[in-house]
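What follows is a set of notes on a single structure, which appears directly below.
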Amino acid sequence: MKAKVFVSLKPDVLDPQGKVVMQTLNNLGYNSVRQVRVSKMIEIELDTADREAARVELERAADKVLANPNTETFRIELED
Amino acid sequence: MARFNVIVFPGSNCDRDSFHIPSIRGHEVEFVWHKDTSLSRPDVVYLPGGFSYGDYLRAGAIARFSPIVNEIVRFAKRGGLVLGVCNGFQVLTETGLLPGALMMNRDLQFICRHQHVRVETAETPFTGGIHTGSVLDIPIAHKEGNYTIDAEGLQRLRDNGQVVFRYCSAGGEVSSAANPNGSLDNIAGIVNEGRNVLGMMPHPERAAEDVVVSRDGAALFESLEKFLA
């Protein structure tokens with residue numbers, strides 16, 4: 001089974017990368033861009049077809065290592 | 001004479017300097033490989049700067065699961081002295097021994113230069129010989145040194161006097177102009193509540209002998225020696 005783990009900065013954490021990307025977009029004339037946040041997407045293949053088991057395992061992995069709970073949150077997407 | 005253990009991860013690049021300074025001061029220093037499962041009877045564990053595991057995922061995130069790090073956590077929880085510099089600081093926040101996290105620098109650039117920091121507390125084994133308010137010139141070299149913590153955590157750091165170093169001007173003024181990386185409250189180094197674990201972005205081992213521009217980093221080693229004597 002394939003899955004995606006999206007790791008994003010918490011909303012109250014300043015994102016220096018997002019800020020610079022936004023400034024660049026504005027400088028290039030994309031004037032309606034108001035906010036940019038840069039996140040990570042991690043593609044994972046699991047050796048199981050059990051969706052529930054996959055989700056539990058990925059949640060543990062994300063909690064332990066993929067995301068830093070101090071600054072980041074995560075979201076898991078299982079592919080069909 | 002004290003015993004220093006310098007931890008070596010794949011990608012550590014300040015391990016030789018971190019070995020060199022304590023050893024020229026007459027201490028017994030040993031390298032400890034990240035795959036080792038025991039420390040070598042240290043008085044001080046030194047987590048050096050560098051790019052452990054290429055900074056993959058997040059700086060310090062993978063090193064945190066090295067076998068030796070469990071031993072370092074155990075050592076620290078028994079009150080052992082742990083000094084994490086630069087990448088070492090990042091590893092310490094990832095382990096949870098120190099609160100907060102180190103994010104990418106405000107201007108997204110790797111900064112390598114001399115930097116003034118103000119000593120905010122002498123009540124640590126690492127700064128015991130230094131007057132509070134002293135300004136030290138110690139080089140920084142990092143891209144992820146932008147310290148952050150939630151408002152509650154910051155308040156706790158302040159209330160407990162856990163902020164050890166803050167970025168400042170040559171005259172000791174802590175201001176945003178003197179902040180190289182956007183670090184919250186100009187924080188350059190903190191201790192844990194037990195005051196036996198210090199994480200700092202500046203590199204004291206790069207400013208601790210006469211052949212280099214500044215000798216100010218030697219003050220940390222002098223403090224440790226005084227504490228351990």
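The values are calculated or read from the model by the stated rules, or taken from the named source; none is laboratory data. All figures in this text were calculated on a predicted structure; none of them were measured in a lab. Glycine also receives a Cβ, built like all others from the backbone with ideal geometry; neighbour counts cover every protein chain displayed. For accessibility, only protein heavy atoms count, side chains too; no ligands or nucleic acids. Shrake-Rupley method; radii C 1.70, N 1.55, O 1.52, S 1.80 Å.
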Residues in the stretch B:64-96 that a label on B:L228 would reach, taking backbone N under 12 Å of a point 7 Å out along Cα→Cβ
B:81-83
Pairs beyond 31 Å (Cα-Cα), from A:K2/B:K143; A:K10/B:K77; A:K2/B:K77
A:K2/B:K143; A:K2/B:K77
Measure of exposure for A:R51: accessible area at 1.4 Å probe, Å² rounded to 10, is 100 Å²
Other protein chain Cβ atoms within 10 Å, averaged over every residue that makes up A:64-75:
4
Rounded, prolate or oblate (a/c below 1.5 giving rounded, otherwise prolate when a/b exceeds b/c) for chain A by Cα gyration tensor:
prolate
At a probe size of 1.4 Å, how large is the accessible area of A:S39, to the nearest 10 Å²?
70 Å²
How big is chain B on each of its three principal axes, counting only the C-alpha atoms and giving the largest first in Å?
43, 37, 33
Ordered by number, the GluC sites (Glu not before Pro) in the stretch A:7-80 that occupy a DSSP loop and have at most 13 other Cβ atoms within 10 Å are A:E79
Honestly the stretch B:64-125 on the Cα gyration tensor test (a ≥ b ≥ c root eigenvalues; a/c under 1.5 rounded, otherwise a/b vs b/c for prolate or oblate) is just oblate
DSSP-defined antiparallel bridges as percent of all bridges, the stretch B:3-228, nearest 5:
55 percent
With charges set only on the Cβ (+1 for Lys and Arg, -1 for Asp and Glu), what does the dipole of the protein assembly as shown come to about its Cα centre, in debye to the nearest 20?
260 debye
Viscosity 0.692 mPa s, temperature 37 °C: Stokes-Einstein D of the protein assembly as shown from its Kirkwood Cα radius, in µm² per second?
162 µm²/s
Aspartates and glutamates within cross-link reach of A:K64: Cα-Cα under 15 Å, excluding same-chain residues under 8 positions apart?
A:E72, B:E94
Please work out the C-alpha center-to-center distance from the stretch A:8-29 to the stretch B:82-115 and express it in whole Å.
21 Å
How many nm separate the modelled label positions at A:E79 and B:S40, each set 7 Å beyond the Cα in the direction of the Cβ?
4.7 nm
Electrostatic dipole magnitude of chain B [Cβ: Lys, Arg +1; Asp, Glu -1; Cα centre; debye, to 20]:
300 debye
